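Single-structure report; data block below.
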Amino acid sequence: MRQIFHTFVILCLCTLAAAAQESATKTQTIALKAAHLVDVQAGRILNDQTVLIVGDRIEQVGPSNEMELPSEAHVIDLGNATLLPGLIDCHVHLTADPRYAGLRGLTLSIPRQTLIGARNARLTLEAGFTTVRNVGAEGYSDVALPGSIEAGGIPGPPMPVSGSLPRMTRGHCGVKLPAAELHQPARLAAARLARAFATDSLVATEPEQHDGEFAGGVAGVPSCREGKIPRLEQWMAERGWNWDSFEDSVFYSDSLNDLPLLCKVKQPVAVKPDATLRAHAEQNGWPILEW
């Protein structure tokens, strides 16, 4: 009796599996009707058009009053909408988020960037892009996206990815650095300027580290906006100096973000300022450099 029951259960499971497979492979037919359609080959807009989709392929496009639809077709009337072919973007960075530009980008882990890429892949597809090319992601955070999309794990367009940024010798992104320096973009940029001006000292935003590992945060006060003042005062204190140790102090800047330090020094100089910083400079009689 037990063997008969086991056989019955196995037969039922096989039947269910076969039914599920048949349901998954059954082709769905959809007819999209719209008031307008962009014919990119002819360079014109066609009116009152229907697009017949069978499975994952477009089988036919033509005037709605002339097309014979299969009886099983699911008709979706889009009203006054305009249809156009899928767009292709050849230069994207889906794992990036402009809200985390600059210093905030130091707080993003590689797994977090991959999750951002999954979200942006969906948004990109919903915006009408059916193919994109991702040309650079930190820590190869983009390489898992195409496979996940193809497997149906996440929605998104097909995409070739580069992993690391494509680069040419001494060209765009053509710099070879130790891994540790790649995690210190703020210090790296400042270090280049320091070398260019042959200065011995450098004050920059430093990444937080624990036991030699980057923790994803910022160590101490970021060297930006009003934070530049305590960082500069810390640098002076380490040398036994303060503001009164100098007869004069000069600060050049082209950024409104540096307004706190510009107001602190004795000789602030605005360099090719935007309209807002220019207004501050003119109001306070600061020199303005243009070229």
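The values are calculated or read from the model by the stated rules, or taken from the named source; none is laboratory data. Computed from a prediction, not measured in an experiment: that's the story for all the values here. Cβ: placed from backbone, ideal geometry, glycine included. Neighbour counts: every protein chain shown.
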Which residues, counting only those in region 99-109, are of a type in the set (A, V, I, L, M, F, W, C) and surrounded by 14 or more Cβ atoms within 10 Å (Cβ to Cβ)?
Leu103, Leu106, Leu108
Give the residues of region 85-121 that are aliphatic (A, V, I, L, M) and in contact with an Asp or Glu (Cβ under 9 Å, 6 or more places away or on another chain), sorted by residue number.
Leu94, Ala96, Leu106, Leu108, Ile110, Ile116
Evaluate the following for Ala186: is it modelled with pLDDT under 75, over 24 Å from Arg119 (Cα atoms), loosely packed, with under 12 Cβ neighbours inside 10 Å and of a type in the set (A, V, I, L, M, F, W, C)?
no
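Taking region 271-291 on its own, how many of its residues are in a strand (DSSP E or B) and either in the same structural domain as Val203 (by TED's automatic domain parsing) or within 32 Å of the chain's Cα centre (by Cα) (or both)?
Narrowing region 271-291 to residues in a strand (DSSP E or B): 271, 288-289.
Filter again for either in the same structural domain as Val203 (by TED's automatic domain parsing) or within 32 Å of the chain's Cα centre (by Cα) (or both), leaving 271.
Adding up the residues that qualify gives 1.
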Would you pick out the residues in region 37-80 that are surrounded by 13 or more Cβ atoms within 10 Å (Cβ to Cβ) and in a loop (DSSP other than H, G, I, E, B)?
Ser64, Met67, Leu69, Ala73, Leu78
Residues (closer than 26 Å to Asn242 by Cα and surrounded by fewer than 12 Cβ atoms within 10 Å (Cβ to Cβ)) located in region 257-291
Lys266, Asn284, Gly285
